[in-house]
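Enquirer: Before I ask anything, let me first share the structure, which is written out below as structure tokens.
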Amino acid sequence: MTSLWDMEEETGNEPSLFDYRGGDDSDSQADGLDPPTLYRQWGDDPNYDIRLCGRIGLQCYNLQKGTNFKFKSWEICRDQMTSSDDSFITLEATDPATGSVLSFQTLLSDFGPRRSLGVRLLWINLASRIEPIRNERLDDNWDKSVVHEFYKGPMPKWFSDEALERDSRKYYVVPESELHDNDWLQLLMECFDGDLPLKLNKVVVETFEDEPRDKLKANNAIFYLSYKCCADPSSMRLAGDHIAVIRKTMDGKPGHMSLEVALTKEQENE
């Protein structure tokens with residue numbers, strides 16, 4: 001992905017924005033690209049998709065830095081169509097340890113489905129950082145060469161009980177006590193069925209990272225989720241039990257994380 005974006009602080013009392021090359025919309029038009037679209041600024045947030053994208057970026061930061069910042073609200077979202085649908089989001093997050101509020105900036109690129117690989121959604125987070133200094137360069141080049149071959153290619157199918165018993169060191173069954181009130185697992189579940197009442201039943205993590213305590217936060221891992229949509233079945237066809245697979249990889253760069261959401265069996269047959 002070509003690096004196109006810089007971060008630059010606005011003058012006066014305006015909040016910081018993701019700006020094309022640190023300039024105005026005429027810069028992007030000169031390069032043959034549509035200027036970024038400003039969706040909303042400094043208002044209440046009715047848009048679940050923007051919240052989800054911002055939370056993905058914030059969780060990427062938490063996983064890499066060992067922090068526990070909580071999403072508070074989003075302030076600005078700019079959308080740019082290139083080879084992907086790029087969402088540049090400024091959000092507020094809170095630090096539960098101190099009660100302080102921090103301004104974050106995230107970039108998430110949506111590459112859509114890859115049906116030949118069994119991928120329903122390919123999201124790559126390419127920036128997640130506390131509001132940076134003026135003119136700090138953004139590295140939005142995803143380096144797939146450093147990702148282990150095991151985490152490439154077609155999406156895996158649901159694990160078998162035999163595989164779980166045969167290779168227990170590679171698989172980690174998340175204890176019941178860790179399933180709930182876990183922002184990371186909640187976020188992964190929402191990647192499938194979004195803004196619905198969802199409840200996790202079971203999570204299994206497949207990764208080469210050794211220590212069990214690290215597997216939930218492994219840089220590269222495959223998550224197998226069993227969950228229930230608790231909506232009223234008379235009004236919601238998705239109500240009931242579901243299984244889902246999601247693959248997470250990192251290329252070692254700050255703010256970079258890829259999430260591949262697998263097609264469901266129903267979607268594979270469409």
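Enquirer: Pull out the extension gain between CYS230 and PHE159, defined as 0.36 nm times the separation in residues minus the alpha carbon to alpha carbon distance; nm, one decimal.
Expert: Once the chain is fully extended between CYS230 and PHE159, it gains 23.1 nm.
Enquirer: Same structure again: In what order do GLU92, GLU162 fall by count of nearby beta-carbon atoms within 10 Å, going from fewest to most?
Expert: Going from least to most buried by this count: GLU162, GLU92.
Enquirer: Let me know the number of lysine pairs in region 148-249 closer than 24 Å at the Cα, not counting same-chain pairs under 8 apart.
Expert: Lysine pairs satisfying the spacing and distance rule in region 148-249 number 28.
Enquirer: Neighbouring Cβ atoms within 10 Å as the yardstick, rank TRP184, TRP123 fewest first.
Expert: Ordered by Cβ neighbours within 10 Å, fewest first: TRP184, TRP123.
Enquirer: At 0.36 nm per residue, minus the direct Cα-Cα distance, what do LYS265 and ASN201 gain on full extension? Give it in nm, one decimal, please.
Expert: Full extension from LYS265 to ASN201 adds 21.1 nm.
Enquirer: Let me ask something else. Which whole-number percent is the relative contact order of region 42-91 (Cα, under 8 Å, 6+ apart)?
Expert: About 35 percent, as a whole number.
Enquirer: Note down the nm distance, to one decimal, between modelled labels 7 Å out along Cα→Cβ at ILE243 and at THR67.
Expert: Between ILE243 and THR67, the label points sit 3.8 nm apart.
Enquirer: Continuing with the same structure: Can you list residues whose amide H is under 5 Å from ARG129's amide H, if they're 5+ apart or on another chain and H is modeled 1.01 Å from N?
Expert: GLN105
Enquirer: Grab the beta carbon distance between SER145 and ASP85, set R0 = 22 Å, and tell me the FRET efficiency rounded to 0.05.
Expert: That pair, SER145 with ASP85, gives E of 0.35.
Enquirer: Among PHE150, PHE71, which comes first, second and so on when ranked by fewest other beta-carbon atoms within 10 Å?
Expert: Fewest to most other Cβ atoms nearby, the residues stand as PHE150, PHE71.
Enquirer: Still on this structure, please answer the following. How high is the relative contact order of region 187-265, in percent, with contacts defined as C-alpha pairs under 8 Å that are six or more residues apart?
Expert: Once normalised by length, the contact order is 25 percent.
Enquirer: At a Förster distance of 35 Å, what's the computed FRET efficiency of GLU131 paired with ASN182, Cβ-Cβ distance as r, to 0.05?
Expert: With a Förster radius of 35 Å, E is 0.85.
Enquirer: Stretch VAL101-GLU209 to full length: gain in nm at 0.36 nm per residue minus the Cα-Cα span?
Expert: 35.6 nm
Enquirer: Moving to a separate point now. Which semi-axes, in whole Å and largest first, does the equivalent ellipsoid of region 148-249 have when worked out from the alpha carbon gyration tensor as the square roots of 5 times its eigenvalues?
Expert: So the three semi-axes of region 148-249 are 25, 14, 13 Å.
Enquirer: Continuing with the same structure: First select every other residue whose beta carbon is under 13 angstrom from the beta carbon of GLU190; then total the charges, Lys and Arg +1, Asp and Glu -1.
Expert: -1
Enquirer: Same structure, new question: From the phi of every residue in region 245-253, what ³J(HN,Hα) in whole Hz does the Karplus formula 6.51 cos²θ - 1.76 cosθ + 1.60 yield, where θ is phi - 60° and glycine or proline is x?
Expert: After applying 6.51 cos²θ - 1.76 cosθ + 1.60, I find 10, 9, 10, 10, 9, 9, 9, x, 8 Hz.
Values in this text are rule-based calculations from the coordinates and carry no lab data. None of these values were measured; they are calculated from a predicted model. Cβ: placed from backbone, ideal geometry, glycine included. Neighbour counts: every protein chain shown.
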